[in-house]
């Protein structure tokens with residue numbers, strides 16, 4: 001039965017009053033519905049995602065921080081940590097605590113893990129680098145001796161050393177408590193970044209109680225069989241400067257198998273080879289302390305991508321000499337608490353709140369700060385630059401193909417200031433890279449990973465969502481040039497597949513044929529490239545419209561429909577699918593929906609749905625909305641009717657992979673929004689959980705986590721490059737979304753939300769009845785109130801009328 005709007009809206013005023021007037025202490029049990037979480041950081045579990053392929057790590061880090069201090073695991077091989085991010089929950093042996101990490105990379109290893117520092121309680125008689133199986137200079141640990149909270153990490157190793165870490169944005173403090181009856185030493189494995197290194201150096205100044213050094217590295221995804229050789233190169237040097245509260249009583253260095261007791265300087269890298277060709281190579285040094293007067297050695301360290309002087313300046317600016325782990329960790333917790341209060345939820349179970357705020361925590365780990373306190377940073381041209389006037393900081397670590405599906409929208413919603421600085425940062429890098437916007441930027445390195453033109457999508461999305469603190473016109477013009485002027489790299493197969501160097505591969509052929517031909521595309525897959533470029537061009541069309549560039553809006557809106565040229569209506573007897581084409585126009589055969597030929601890290605069955613800009617056009621190509629909805633049903637369910645949501649079936653939904661992340665929300669445009677509500681809730685409840693295996697797959701720099709946050713709020717981007725949001729049933733009875741710099745929050749109220757109440761029976765927006773399954777971008781930009789009446793049974797009428805369906809934006813006329 002349809003409920004009246006008056007009944008839907010009745011609780012909203014009371015909820016808003018509760019939000020404004022209630023103060024609660026730190027969480028210590030269930031929260032009453034309507035009472036917002038007071039300290040969201042207390043619900044974060046940094047161990048979620050550290051097993052089961054999530055490739056997260058539990059170490060100490062601040063929102064968008066440069067330093068991320070976390071353990072480096074070892075599987076008994078100094079070149080293999082057991083996980084892409086450097087830490088595997090199932091590997092309980094550690095060889096150091098590294099200063100940099102990237103969240104949730106998909107290749108093993110991904111990147112960073114620079115300068116592992118290892119406390120050691122024995123005598124150093126051989127080179128630690130020669131200990132290729134980590135039998136001597138590593139230590140076991142138990143998880144019951146390990147603890148992680150936002151901004152702090154602590155573990156007691158089997159060797160008896162307790163390591164306690166806390167950080168600021170560019171610096172950190174560690175306290176190493178050594179056993180009283182054993183030697184106290186610290187090893188600096190300067191060359192041992194996750195992917196290896198070209199060079200490294202260490203300098204020990206015992207008189208000044210100071211250690212400095214650097215590592216020249218890069219090689220993102222360097223072990224990939226497809227394209228890895230192309231990226232086995234250096235593109236950044238990470239510098240560090242460390243000091244100590246105790247005198248240094250012993251020094252030593254090593255290079256490869258040679259150990260030099262008493263040494264103070266060493267150089268040498270490991271190279272980027274894999275396995276035995278790299279093992280046993282590299283350099284580092286150690287220092288020792290007299291702990292007879294106290295077991296704890298306190299170390300302060302700053303890092304920089306510019307130089308040792310920059311690392312020292314960052315350290316001096318952010319940490320006092322009297323700084324302790326306790327003080328810095330307390331400040332870090334408060335910093336996280338403030339950042340996470342951007343979304344104040346109420347209700348839900350303890351587990352749901354933990355999963356939600358951990359997902360928000362992971363979403364806000366990136367982008368990462370790259371500029372020093374004086375504004376200097378390392379450019380993509382490997383020269384030192386200064387942040388431009390009006391830019392607060394330079395950021396990097398852009399997993400574009402992944403992040404444009406959810407993480408960048410969440411970033412723009414909550415932190416538009418950071419989003420704008422990030423947009424300017426990417427524009428800066430492109431200017432230093434000959435005008436080329438790379439798909440996957442690590443530090444200052446163009447890694448070329450994945451496919452499409454996600455920079456166009458990202459910056460268009462930022463602008464649509466109200467982000468203005470960047471040179472939008474300059475960036476737009478630069479991206480238009482990339483999309484219209486062929487570049488020589490577009491004809492190269494270097495790095496293919498996986499890391500093809502062309503940002504718009506074989507653009508001249510694409511513009512002539514209106515699709516990317518599999519046999520000459522110089523890309524990962526022609527069908528995937530066509531679908532991705534169509535989304536990017538749709539995004540540029542929307543951006544052009546906002547800028548008043550009508551000619552470009554028309555041109556790129558037409559290009560947004562090129563996806564049709566890779567849809568074969570006769571692909572199978574059961575219906576059409578996306579399929580790769582040759583230059584002569586013929587379809588690549590043999591074909592089945594399970595094929596990966598023509599696609600990038602996915603199958604035709606998944607990629608066929610990758611037309612978020614023109615869902616009505618896709619439905620028409622499939623035979624109408626009813627037929628498309630029935631096919632979508634089959635995409636989420638096995639033949640016996642059971643759910644298929646976790647991947648592993650090439651014909652069905654894979655919650656671990658980006659091309660299908662929007663698919664649960666497509667029912668809204670197909671006139672069956674109750675199925676979106678059912679499917680999204682099923683994923684929220686069963687795919688995302690507490691515990692180390694709580695993420696469905698590698699987090700991809702916050703993408704999987706951002707999907708959860710948005711899904712739990714009942715919102716999801718309708719079309720990349722725009723600000724409209726699709727609606728589903730919220731997971732929590734209420735949520736207040738505070739946008740940085742905005743006076744008016746976005747309030748989402750669903751008083752009946754519960755395990756059983758997952759369907760929308762009525763809604764309101766700003767005290768007006770609302771029957772659409774989407775909301776305009778102005779509500780996202782400016783704030784307001786969205787209210788829901790939820791029930792336990794599907795409402796087959798709400799949001800189903802033709803005028804209630806989302807409007808497509810990937811058609812030349814922008815119509816249905």
Practice problem: Would you kindly work out the equivalent ellipsoid of segment 71-336 from its C-alpha gyration tensor and give its semi-axes, the square roots of five times the eigenvalues, largest first in whole Å? | Solution: 26, 21, 19
Practice problem: Could you work out the equivalent-ellipsoid semi-axes for segment 339-468, taking the square root of 5 times each eigenvalue of the Cα gyration tensor, largest first, in whole Å? | Solution: 28, 16, 13
Quiz item: Could you give the angle, 0 to 90 degrees to the nearest 10, between helix 350-363's Cα long axis and the longest principal axis of the Cα atoms of the chain?
Solution: 80 degrees
Quiz item: residue 627 to residue 554: extension gain in nm, 0.36 nm per residue of separation minus the Cα-Cα distance?
Solution: 23.2 nm
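Considering all alpha-carbon pairs of the chain, what whole percent are spaced by more than 41 angstrom?
On the way: 106622 of 332520 pairs.
In whole percent, the share of Cα-Cα pairs in the chain beyond 41 Å is 32.
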Self-check item: In degrees, nearest ten, helix 12-21 long axis to first principal axis of the chain (Cα)
Solution: 20 degrees
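Using only helices, what value at 222 nm comes out for the chain when you add -39,500 (n - 2.57) per DSSP H run of length 4 or more and divide by the total residues, to the nearest 500 deg cm²/dmol? Could the numbers behind the result be given before it?
Numbers: 19 runs with 201 residues, N = 816.
Here the helix-only value at 222 nm equals -7500 deg cm²/dmol.
To check you understand DSSP bridge types, tell me what percent of the beta bridges within the chain (both residues inside) are antiparallel, rounded to 5. Kindly include the intermediate steps, with their values, before the conclusion.
On the way: 117 of 121 bridges.
Given both bridge residues lie in the chain, the antiparallel proportion sits at roughly 95 percent.
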Practice problem: Percent of Cα-Cα pairs per 5 Å bin, from 0 to the last occupied bin, for segment 696-816, please list those. | Solution: 2, 11, 18, 23, 20, 14, 9, 2, 0
Quiz item: Label residue 776 and residue 740 with points 7 Å out from Cα along Cα→Cβ: what is the distance between them in nm?
Solution: 2.7 nm
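Under the definition of Cα pairs under 8 Å and six or more residues apart, what whole-number percent is the relative contact order of the chain?
Values: 2209 pairs, mean separation 104.8, N = 816.
This gives 13 percent for the chain.
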Quiz item: Stokes-Einstein at 25 °C, 0.890 mPa s, Kirkwood radius from Cα pairs: D for segment 100-212 in µm² s⁻¹?
Solution: 154 µm²/s
Quiz item: Taking the Cα atoms only, what angle lies between the long axis of helix 703-713 and the longest principal axis of the chain, rounded to 10 degrees?
Solution: 50 degrees
Practice problem: Report the relative contact order of segment 71-336, percent, no decimals, based on alpha-carbon pairs under 8 angstrom and at least 6 residues apart. | Solution: 21 percent
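If you take the beta carbon distance between residue 388 and residue 620 as r and set R0 to 41 Å, what does 1/(1 + (r/R0)^6) give as a FRET efficiency, to the nearest 0.05?
Working: r = 46 Å, r/R0 = 1.12.
Working from the Cβ atoms, E equals 0.35.
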Exercise. Could you compute the FRET efficiency for residue 126 and residue 208, with r as their C-beta to C-beta distance and R0 at 25 Å, rounded to 0.05?
Key: 0.35
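Share of Cα-Cα pairs in segment 420-514 beyond 16 Å, in percent? Working shown, then result.
Numbers: 2397 of 4465 pairs.
Of all Cα-Cα pairs in segment 420-514, 54 percent lie more than 16 Å apart.
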Exercise. Estimate the FRET efficiency between residue 803 and residue 570 by the formula 1/(1 + (r/R0)^6), using the beta-carbon distance for r and 35 Å for R0, to the nearest 0.05.
Key: 0.55
Quiz item: Which value in nm describes the separation of the simple spin-label points at residue 133 and residue 589, placed 7 Å from the Cα toward the beta carbon?
Solution: 5.5 nm
Practice problem: Could you give me the percent of Cα pairs per 10 Å distance bin for segment 311-355, shortest bin first, beginning at zero and ending with the bin that holds the maximum distance? | Solution: 21, 34, 24, 16, 5
Self-check item: Equivalent ellipsoid, segment 225-349 (semi-axes from 5 times Cα gyration tensor eigenvalues, Å)
Solution: 34, 27, 15
Exercise. Please give, to one decimal in nm, the separation of the simple spin-label points placed at residue 634 and residue 256, each 7 Å out from Cα toward the Cβ.
Key: 6.1 nm
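None of the figures in this text is laboratory data; all of them are computed from the coordinates on show. Note that the structure is a prediction, hence the values are computed from the model and not measured. Please note: Cβ atoms are built from the backbone with ideal geometry, for glycine as well, and neighbour counts cover all protein chains shown.
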